[in-house]
Amino acid sequence: MKKLIVLVLLMWGFPALPQTPKTVQNLDKSGVAIQGYDPVAFFTQSRPVKGSAEFQSSYKGATYYFASAEDKSAFDAAPAKYEPQFGGYCAYGVSQGHLAPVKIEAFQIVNGRLLMQYDLDVKAKFNKDQAGNLQKADTSWPGLEGKKSH
């Protein structure tokens, strides 16, 4: 009788174990995020600072490089605070429903979130309606997470 109950439960949709959603990320061929720049430095120094493989951490399948042990420690304590939004893809592109590469100098911090942009012109376009575009990106991102970039 137990075997029959187990079989019926399996056939009729016994709750499946939750699966981790696949998140697409803008990584180089080695799996390094944001072109090897230190994600913490965008917040603490307000500029891009190249990281070093000497100080690295992994988070959500991406490898992050840091300029110092202090920045690595800060990231390790709160990675979600420092990781680039939208997998490191262009925030404006995501707001328009597609994935686009980025230029590091076109970064910005909006509401405590690290956003990357395709270039400075696209960053200016995004900022014409920053709140609206960010809301569109937040809405579009779940549908893009499983896609591959161009």
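Figures for the structure shown
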item: Segment 21-42: number of residues that are among the aliphatic types (A, V, I, L, M), in contact (Cβ under 8 Å) with a residue 40 or more places away in the chain and in a strand (DSSP E or B); result: 2
item: Residue satisfying all of: in segment 106-134; touching a strand residue (DSSP E or B) at 6+ places or on another chain (Cβ under 9 Å) and of a type in the set (D, E); nearest to V40 (Cα to Cα) among these; result: D119
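Taken together, the values in this text are just the output of simple stated rules run on the coordinates, not laboratory data. In this text, all values refer to a predicted model and were calculated from it rather than measured experimentally. A quick note on method: Cβ atoms are made from the backbone with ideal geometry, for glycine too, and the neighbour counts reach across all protein chains shown.
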